[in-house]
1. Return the residues of the stretch 1-20 that are more than 11 Å from the chain's Cα centre (by Cα), part of a helix (DSSP H, G or I) and of a type outside the set (S, T, N, Q); say none if nothing qualifies.
2. Within the stretch 21-40, how many residues turn out to be within 12 Å of the chain's Cα centre (by Cα) and without any contact (Cβ under 8 Å) to a residue 40 or more places away in the chain?
Amino acid sequence: MLRAAGVLGAEAAPAFRTALREAMRVATRTTPHLVLIDMKEVTFLDSCALGVLLAMRNRLPQGPRLDLLEVARRPLIDLTHADVPRLLAVRRTSNGS
C-alpha cells in the first residue's frame, strides 16, 4: 500500500509518480496484483496529481489494478464525478478509517 499525504499538486507530482512506479513494480510480482493508495492524509489533490494517477493506471499491464482509498469529506477533487470512477476504483469511507 502506498500512503499519500499532504498536498498532491504540481510540485509533488514527480515524487508521487516515482512512488507509484515503484508500487506498480512491486504489484506485478505479488498477489493480488493491486496498487492501493491510501489517500486519508491528502489535504489537496489537483489536476496534476489526478493526471499522474490516470497516466499510471493507463500504463498498467492487464493484471495489476490501481485503487484509491479516499476518506469522504476531505478537500480533494471529488473523485466520484466525471469519468474517474470508471477509470480508477475509489473506495470511500464515511468514518475516516
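1. Within the stretch 1-20, Ala13, Pro14, Ala15 qualify.
2. 8
Here, each number is a calculation from the coordinates, and none is a lab measurement. Values in this document were obtained by computation on a predicted structure and should not be read as measured data. Cβ: placed from backbone, ideal geometry, glycine included. Neighbour counts: every protein chain shown.
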